[in-house]
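What follows is a structure written as structure tokens; I'll ask about it next.
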Amino acid sequence: MNEILWIGFALLDLSLVLVVYNFFGKTGLFGLIVFNLILCNIQVLKTIELFGMTTTLGNILYASVFLSTDLLSEFHGKKEAQKAVFLGFMILVMAVIYMQLALMFKPSVDDFVQPHLEVIFGFLPRLALGSLCAYLISQLHDVYVFHKLKEKFGDRHLWLRNNASTLLSQLLDSAVFCFVALWGVFPFEVWLEIFFTTYLFKVIVAVMDTPFIYLARRIRCRA
């Protein structure tokens, strides 16, 4: 059941990236990147079983952030893609700070939400740092590799620059996050399994997004 739901969720999210882009253009992609970043950092707290392996739920939304930055890179240029990366980073930092401040307020005697907010938003500083570092480094790397390949091949081989930039950057993202946030927390064998499964499911979504970037090009050509 989880596997079918996960695949359906991935297809839905990738489809909605195109819907948002079709109606709102690059502004929609900026908003979508921020939206997905905030939600995926909440969903990542939930672990699920997929194909006999344990993984986190936030991988789908995070992988589609790479599709959004690739769309910005392809159709609007490197500077717009970098601007979206820095916007996402700034909003993520603000969200962490604001929610930490919200948790400092003493709740009323009738309040029942505080314990739940503490569970969801009471991130350990190390986890927050790992997430922020991994996002900024991997996204800037994604934009860099995407444009290096575009300089080399021009408009040809869209599938190559989409997949190569994303797969390399996702590997970098998983490595940075797992090292900063989780190194030394688990035995090495467990740490390695978390790193592998985290990257594996990001790879699956990254490969799935290839037809969607071609659809986006057709949509843009018709506009």
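Taking a 23 Å limit on the Cα-Cα distance, which of the listed pairs LYS83/LYS150; LYS26/LYS79; LYS26/LYS152; LYS79/LYS152 fall beyond it?
Numbers: LYS83/LYS150 19 Å; LYS26/LYS79 12 Å; LYS26/LYS152 25 Å; LYS79/LYS152 18 Å.
Over 23 Å apart, Cα to Cα: LYS26/LYS152.
Over the stretch 63-147, what is the mean sequence separation of C-alpha contacts under 8 Å (at least six apart), divided by residue count, expressed as relative contact order in percent?
Working: 43 pairs, mean separation 40.7, N = 85.
Answer for the stretch 63-147 is 48 percent.
For the modelled label position 7 Å from the Cα of VAL207 along Cα-to-Cβ, which residues of the stretch 137-178 have backbone nitrogen atoms closer than 14 Å?
Inside the label zone: 163-164, 167-168.
Could you tell me what percent of the accessible area of the stretch 1-62 is made up of carbon and sulfur, with a 1.4 Å probe and every protein chain present? Intermediate values should be presented prior to the final figure.
Values: 2350 of 3140 Å².
Of all accessible area on the stretch 1-62, carbon and sulfur atoms account for 75 percent.
What is the helix-to-structure angle for 125-153, meaning the angle in degrees between its Cα long axis and the longest Cα principal axis of the chain, kept from 0 to 90 and rounded to the nearest 10?
It works out to around 0 degrees.
Show me the chymotrypsin sites (Phe, Trp or Tyr not before Pro) within the stretch 65-162 that DSSP assigns to loop and that have at most 15 other Cβ atoms within 10 Å of their Cβ.
Working: sites: PHE66, PHE75, PHE86, PHE89, TYR98, PHE105, PHE112, PHE121, PHE123, TYR135, TYR144, PHE146, PHE153, TRP159; in loops: PHE105, PHE112, PHE123.
Listed in order of number, the matching sites are PHE105, PHE112.
Between PHE105 and LYS78, what's the calculated FRET efficiency when r is the beta-carbon distance and R0 is 41 Å? Round to 0.05.
Values: r = 42 Å, r/R0 = 1.02.
After rounding, the FRET efficiency stands at 0.45.
While we're on this one: Using only the Cα atoms of the stretch 1-124, build the gyration tensor, take square roots of its eigenvalues as a ≥ b ≥ c, and label the shape rounded, prolate or oblate: rounded if a/c is under 1.5, else prolate if a/b is larger than b/c, else oblate. Please report the intermediate quantities before stating the final value.
On the way: a/c = 2.46, a/b = 1.33, b/c = 1.85.
The shape class here is oblate.
Let me ask you something else. If the only charges are +1 at each Lys and Arg Cβ and -1 at each Asp and Glu Cβ, what is the size of the charge dipole of the chain around the Cα centre, to the nearest 20 debye? Don't skip to the answer; put the middle values down first.
Working: 17 positive and 16 negative charges, 213 e Å.
Dipole size: approximately 1020 debye.
On to the next question. With unit charges on the beta carbons (Lys and Arg positive, Asp and Glu negative) and the dipole taken about the Cα centre of the chain, which residue among ALA95, THR27, SER131 sits farthest to the positive side?
Sorting the options by dipole projection puts first THR27.
On to the next question. What length, rounded to one decimal in nm, is gained on full extension from VAL113 through to PHE23, with 0.36 nm per residue of separation minus their alpha-carbon distance?
Working: separation 90, 0.36 × 90 = 32.40 nm, distance 3.64 nm.
Residue separation times 0.36 nm, minus the Cα-Cα distance, leaves 28.8 nm.
Which whole-number percent gives the relative contact order of the stretch 35-191, counting Cα pairs below 8 Å spaced six or more residues apart? Don't skip to the end; give the middle numbers.
Values: 145 pairs, mean separation 33.7, N = 157.
Reported as a whole number, the value is 21 percent.
With +1 on each Lys and Arg Cβ and -1 on each Asp and Glu Cβ, how big is the dipole of the stretch 146-223 about its Cα centre, in debye rounded to the nearest 20? Mind dumping the intermediate values first?
Details: 10 positive and 6 negative charges, 153 e Å.
The dipole of the stretch 146-223 has a size of about 740 debye.
Hey, rough spin-label estimate for LYS148 and ILE97, points 7 angstrom out along Cα→Cβ, what's it come to in nanometres?
3.3
Same structure, new question: Let me know the shape class of the chain, please: from the alpha-carbon gyration tensor, a ≥ b ≥ c as square roots of the eigenvalues, rounded when a/c is under 1.5, otherwise prolate if a/b is greater than b/c, or oblate. Before the final figure, lay out each step's value.
On the way: a/c = 1.75, a/b = 1.47, b/c = 1.19.
Since a/c reaches 1.5 and a/b is larger than b/c, the shape of the chain is classed as prolate.
Just flag the trypsin sites (Lys or Arg not before Pro) in the stretch 116-156 sitting in loop per DSSP whose Cβ has no more than 11 other Cβ atoms within 10 Å. Walk me through the numbers before you get to the answer.
Working: sites: ARG126, LYS148, LYS150, LYS152, ARG156; in loops: ARG156.
When the trypsin sites (Lys or Arg not before Pro) of the stretch 116-156 are filtered for loop state and at most 11 Cβ neighbours within 10 Å, ARG156 remain.
Cα axis of helix 2-43 to longest principal axis of the chain: angle in degrees, 0 to 90, nearest 10?
Long axis of 2-43 versus the principal axis of the chain: about 60 degrees.
If I fit a long axis through the Cα atoms of helix 78-104 and take the longest principal axis of the Cα atoms of the chain, what angle between them do I get, 0 to 90°, rounded to 10?
Roughly 10 degrees between the two axes.
If amide hydrogens are placed 1.01 Å from N in the peptide plane, which non-local residues have theirs closer than 5 Å to the one on LEU50?
Under 5 Å from the amide H of LEU50: THR55.
Another question about this same structure. Can you run phi through the Karplus equation (6.51, -1.76, 1.60; θ = phi - 60°) for the stretch 193-199 and list ³J(HN,Hα) in whole Hz, with x for Gly and Pro?
5, 4, 4, 5, 5, 4, 6
The values are calculated or read from the model by the stated rules, or taken from the named source; none is laboratory data. Keep in mind it's a predicted model, so treat the numbers as computed, not measured. Virtual Cβ from ideal backbone geometry, glycine too; neighbours counted across all protein chains shown. All accessible areas refer to the heavy atoms of the entire protein, side chains included, with ligands and DNA or RNA removed. Shrake-Rupley method; radii C 1.70, N 1.55, O 1.52, S 1.80 Å.
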